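Student: Quick one: the structure is below, and I'll ask about it shortly.
The values are calculated or read from the model by the stated rules, or taken from the named source; none is laboratory data. Predicted, not measured: the structure shown is a model, and the values here were computed from it. Using ideal geometry, Cβ is built from the backbone for each residue, glycine included, and neighbour counts are taken over all protein chains shown. Protein only, heavy atoms only, side chains kept; ligands, DNA and RNA dropped before computing areas. Shrake-Rupley method; radii C 1.70, N 1.55, O 1.52, S 1.80 Å.
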Amino acid sequence: MTNSSLVIENLHVSVSGKEILKGVNMEIRPGEVHVVMGPNGSGKSTLSYALMGHPEYKVTDGQVTLDGQDLLSLPSWQRAQNGLFLCLQHPIEVPGVTLESVLTEAARAAGKETDTIRKQMIEEAETIGFEEKFLERPLNVDLSGGEKKRNETLQLGVLGARYAVLDEIDSGLDVDALAAVSQRIQDFTQEQNLGVLAITHFSRLLEVLEPDHIHILNDGSIQMTGGPELVERLEEEGYQGLLDN
Ligand code: ADP
Ligand code: MG
């Protein structure tokens, strides 16, 4: 498809009756890496929840399309089936449900082959240094913060998503895990043309994952967009300094 993209236009989102996002615009094409940075409470996670359809995050204006199709009218599961993946800032523990059954059901629902899921899981786990013993645990139960993030990366790989929203995938990762996870995501962008919206506070993630565009979100809107050089300026000047200049 030539005109494939994830397009966010004038997105307004309210939570508990309070407007958090006040008109966000962004267009993500296959293989591109867009990075959203911004102070605590600026609305970064709100953006990720709204894209995936969290019921508490109400879209009050604007639209989002995936390959030209309205995304916001779809239930979350259908957004996922259309190729959108959300890596949560705080992945949820689901007692009693194994990773394998989640991925098998997801593949089945999407009409995909399920015989190879186990093999794919093991391969992905190996690539990112995720111990195989964790594959038997109920989803995320008793995993450390960093292990949960690796678990999410594994799911992203096995599900073969087309667009991924990564909400602070680097938080809680040690240096080795960070290197492995960011390399894997960079590979997805090149090998599978994955489009990425990465929310982060740290330039470290971007040493391996190559950003095309950096967006600074502040007070619910994108107040600055630039290339990778913005990250350096941010490290030197801080959000306040950057936005004041
Ligand atoms: P960020 O991820 O950029 O740190 P969030 O999107 O999590 O910011 O939050 C943006 C603002 O929305 C904050 O002021 C936060 O307190 C508020 N907020 C987020 N989720 C909820 C919620 N479920 N209920 C009430 N307020 C919320
Ligand atoms: Mg957040």
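Student: Taking the Cα centre of the chain as the origin, how large is its charge dipole in debye, to the nearest 20, when only Lys and Arg (+1) and Asp and Glu (-1) carry charge on their Cβ atoms?
Tutor: Roughly 720 debye, rounded to the nearest 20.
Student: Given Cα pairs under 8 Å that are at least 6 residues apart, what percent is the relative contact order of the chain?
Tutor: Averaging sequence separation for qualifying contacts and normalising by length gives 27 percent for the chain.
Student: While we're looking at this one, here's another question. Once the dipole of region 57-154 is set up with Lys and Arg at +1 and Asp and Glu at -1 on Cβ about the Cα centre, which of Val97, Ala109, Leu72 lies farthest towards its positive end?
Tutor: Looking along the dipole axis, the top candidate is Leu72.
Student: Might you work out the accessible area of Lys58 for me, using a 1.4 Å probe with all protein chains in place, and round it to the nearest 10 Å²?
Tutor: Lys58 has an accessible surface of roughly 120 Å² with all protein chains in place.
Student: Then there is this: When a/c reaches 1.5 or more, the comparison of a/b and b/c decides; with that in mind, is region 72-206 rounded, prolate or oblate per its Cα gyration tensor?
Tutor: Since a/c stays below 1.5, the shape of region 72-206 is classed as rounded.
Student: At a probe radius of 1.4 Å, what is the per-residue accessible area of Tyr239, in Å² to the nearest 10?
Tutor: 50
Student: Rounding to the nearest 20 debye, state how big the charge dipole of region 180-245 is about its Cα centre with +1 on each Lys and Arg Cβ and -1 on each Asp and Glu Cβ.
Tutor: 220
Student: Another question, if that's okay. May I ask you to derive the relative contact order of region 50-193, considering only C-alpha pairs under 8 Å and at least 6 residues apart, and to give it as an integer percent?
Tutor: 28
Student: In degrees, nearest 10, range 0 to 90: what is the angle between the Cα axis of helix 175-191 and the longest Cα principal axis of the chain?
Tutor: That works out to roughly 90 degrees.
Student: So what is the relative contact order of region 56-131, in percent, for Cα pairs below 8 Å that sit 6 or more residues apart?
Tutor: 14
Student: From the helices alone, meaning DSSP H stretches of at least four residues, give me the mean residue ellipticity at 222 nm for the chain, per-run term -39500 (n - 2.57), in deg cm²/dmol to the nearest 500.
Tutor: Estimated from H runs of four or more residues: -11000 deg cm²/dmol.
Student: What is the Cα centroid distance between region 100-157 and region 40-55, reported in whole angstrom?
Tutor: Each part's Cα centre sits 24 Å from the other's.
Student: Angle, helix 145-159 long axis vs. longest principal axis of the chain, Cα atoms, 0 to 90°, nearest 10?
Tutor: Once rounded, the angle reads 80 degrees.
Student: Next question, about the same structure. Taking the chain as the reference, fit the longest principal axis to its C-alpha atoms, fit the long axis of helix 99-109 to the helix C-alpha atoms, and give the angle between the two in degrees, 0 to 90, nearest 10.
Tutor: Tilt of helix 99-109: around 80 degrees.
Student: Name the residue farthest towards the positive end of the dipole of region 1-151 from the options Gly62, Leu143, Pro30, assuming +1 on Cβ of Lys and Arg, -1 on Cβ of Asp and Glu, about the Cα centre.
Tutor: Gly62
Student: Right, next: Treating only the Cβ atoms of Lys and Arg (+1) and Asp and Glu (-1) as charged, compute the dipole magnitude of region 20-134 about its Cα centre; round to the nearest 20 debye.
Tutor: 360
Student: Order Ser16, Ser5, Ser101, most accessible first, counting only protein heavy atoms with a 1.4 angstrom probe.
Tutor: I get Ser16, Ser101, Ser5, largest accessible area first.
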